[in-house]
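Here is the structure we will look at.
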Amino acid sequence: MFEYAKYLRLNKFPLIWCAGCGDGIVLKAMLRAIDKIGLSNDEITMVSGIGCSSRLPGYVDFNTLHTTHGRAIAFATGVKIAKPEMTVIVVTGDGDATAIGGNHYIHAARRNLDLTVILFNNNIYGMTGGQVSPTTPVGKKASTSPYGNLEPSFNISGLAQAAGASFVARGTVHGAHMLEKFIEKAIRKKGFSVVEVITPCPTAYGRRNRMGTAVNMIQDLKENAVTLKKAAKMSPEELEGKVVTGVLVDIDKPEYTEEYAKLSEQLKNKVGVD
Amino acid sequence: MPKKNPVIEIKMEWCKGCAFCVEFCPKEVLQMKGIYPVVAKIEDCTACGLCEVLCPDFAIEVIAEDEAVKK
């Protein structure tokens, strides 16, 4: 129904991800969103760090950068400053963006640099061996918390909102059509945009916590996802363990590269040089 | 004129057998046979494309009736 092939590096297929990993669903939603906007392959730079989700740029035929752990946003900042006309998309995981790259994440949001961050939240460090991540819920097991995790988890979207992002949305892989719309809006938005995607990791997270097959995990996601509208009518107790989906923030504020260009122009006029 | 059915193509070499397409098809068109899905009741398919959207491995493609004629 949709021609994905023009955006893909088909010689890299099949995908490296485990059976039942939701990352491929996000990749597809992203390609459909890019197609809707009508961007050509050369107009996009996709930057990633380290992790399962960060393998994604290897499969797409855009300008791609696979960088060091946690530093995807730092590299993307460089690309955006050097080429403000480029659409820069950062693909990152929960551990990559909020633990190792936590500072880059909040400061990019504070600067309001025009980046689109697609953040795959699977509640664990999948690729590096199932270690506990900042989004692992309390009580869940990981390779570094075999008796259950004691640390309360981060609200990734709330963090971006508090740090000053201009667009924040949360979706799940089960709601792939909704996700496509969020990604489209995020790319179109001038300013720092985050789309947090809740995706199952059946291998490193599900198996250790006896959550059943990947299908069971997606069904759980379907049951636990509540829209923003519904969530507004629910009490905090009822919202415990639920995933609130929807556009959480959509505001307009000055964007960094535009402000930078303005300042540069002003100073050129003042000093009188080109 | 008899109704033309959509065509569902499954790329076995990319499929990992996660069974998302089988479980989330609203019409139960697909079935698992061993570790791979197979098309069992194509006549019930409405070409909604949900299996294609939810396949993480780009292994399933739905070609709607009107598209199939063009091809």
(request) Choose one of A:162, B:26, B:37: the residue whose Cα lies farthest towards the positive end of the charge dipole of the protein assembly as shown (beta-carbon charges +1 Lys, Arg; -1 Asp, Glu; about the Cα centre). (result) A:162
(message) Treating the protein assembly as shown as a set of equal point scatterers at the Cα positions, no solvent, please give the Debye-formula log₁₀ I(q)/I(0) at q = 0.09, 0.11, 0.13, 0.15 Å⁻¹.
(response) -0.50, -0.74, -1.00, -1.29
(request) Compute the long axis of helix A:176-188 from its Cα atoms, compare it with the longest principal axis of the Cα atoms of chain A, and write down the angle in degrees, 0 to 90, nearest 10. (result) 20 degrees
(request) Report which residues of the stretch B:40-56 become buried by 30 Å² or more of accessible surface when going from the isolated chain to the complete set of protein chains (1.4 Å probe; DNA, RNA and ligands ignored). (result) B:52, B:53, B:54, B:56
(request) Work out the charge dipole of chain B with +1 on the Cβ of Lys and Arg and -1 on the Cβ of Asp and Glu about the Cα centre, then indicate which of B:59, B:8, B:49 is farthest towards its positive end. (result) B:8
(request) Mind grabbing the base-10 log of I(q)/I(0) for the stretch A:21-143 at q = 0.16, 0.21 Å⁻¹? Debye formula, identical points on the C-alpha positions, no solvent, two decimal places. (result) -0.74, -1.19
(request) Could you give the spread of the C-alpha atoms of the stretch A:167-237 along their three principal axes, from largest to smallest, in whole angstroms? (result) 41, 30, 19
(request) Treating the Cα atoms of the stretch B:7-70 as identical point scatterers in vacuum, please give the log10 of the normalised Debye intensity I(q)/I(0) at q = 0.17, 0.18, 0.19, 0.25 Å⁻¹, two decimals. (result) -0.50, -0.57, -0.63, -1.09
(message) If the only charges are +1 at each Lys and Arg Cβ and -1 at each Asp and Glu Cβ, what is the size of the charge dipole of the stretch B:7-70 around the Cα centre, to the nearest 20 debye?
(response) 220 debye
(request) Starting from chain B, pick out the GluC sites (Glu not before Pro) whose DSSP state is loop and whose Cβ has at most 16 other Cβ atoms within 10 Å. (result) B:13, B:28
(request) In square nanometres and to one decimal, what's the mean projected area of the convex hull around the Cα atoms of the stretch A:63-201? (result) 8.1 nm²
(request) Go through A:112, A:138, A:17 and say which Cα lies farthest out towards the positive end of the charge dipole of the stretch A:16-271; charges sit on Cβ, +1 for Lys and Arg, -1 for Asp and Glu. (result) A:138
(request) At a probe radius of 1.4 Å, figure out the B/A buried accessible area, summed over both chains, and give it in Å² to the nearest 100. (result) 2100 Å²
(request) Grab the beta carbon distance between residue A:242 and residue A:264, set R0 = 56 Å, and tell me the FRET efficiency rounded to 0.05. (result) 0.75
(message) Per DSSP helix of 4 or more residues, -39500 (n - 2.57); summed, then divided by the residues of chain A. What does that give at 222 nm, rounded to the nearest 500?
(response) -10000 deg cm²/dmol
(request) With the Cα gyration tensor of the stretch A:133-274 in hand, give its eigenvalues times 5 under a square root as the equivalent ellipsoid semi-axes, listed largest first in whole angstrom. (result) 39, 18, 14
(request) With a 1.4 Å probe and all protein chains in place, put A:210, A:188, A:9 in order of accessible area, largest first. (result) A:210, A:188, A:9
(message) Restricting the calculation to Cα positions, tell me the Rg (one decimal) and the Dmax (whole number) of the stretch A:1-79 in Å.
(response) 12.6, 37
(message) Expected output is a single nm value to one decimal: the length gained when fully extending between residue A:16 and residue A:227, i.e. 0.36 nm times separation in residues minus the C-alpha distance. What is it?
(response) 72.8 nm
(message) Quick check on the protein assembly as shown: of the DSSP beta bridges with both residues there, what percent are antiparallel, nearest 5%?
(response) 35 percent
(message) Please give the Cα centre distance for the stretch A:110-179 versus the stretch A:1-67, rounded to the nearest Å.
(response) 20 Å
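The values are calculated or read from the model by the stated rules, or taken from the named source; none is laboratory data. Owing to the predicted nature of the structure, the values given are computational and were not obtained by experimental measurement. With ideal geometry, Cβ positions are generated from the backbone for all residues, glycine too; neighbour counts draw on all protein chains shown. These area figures cover heavy atoms from the full protein model, side chains too; ligands, DNA and RNA do not enter into them. Shrake-Rupley method; radii C 1.70, N 1.55, O 1.52, S 1.80 Å.
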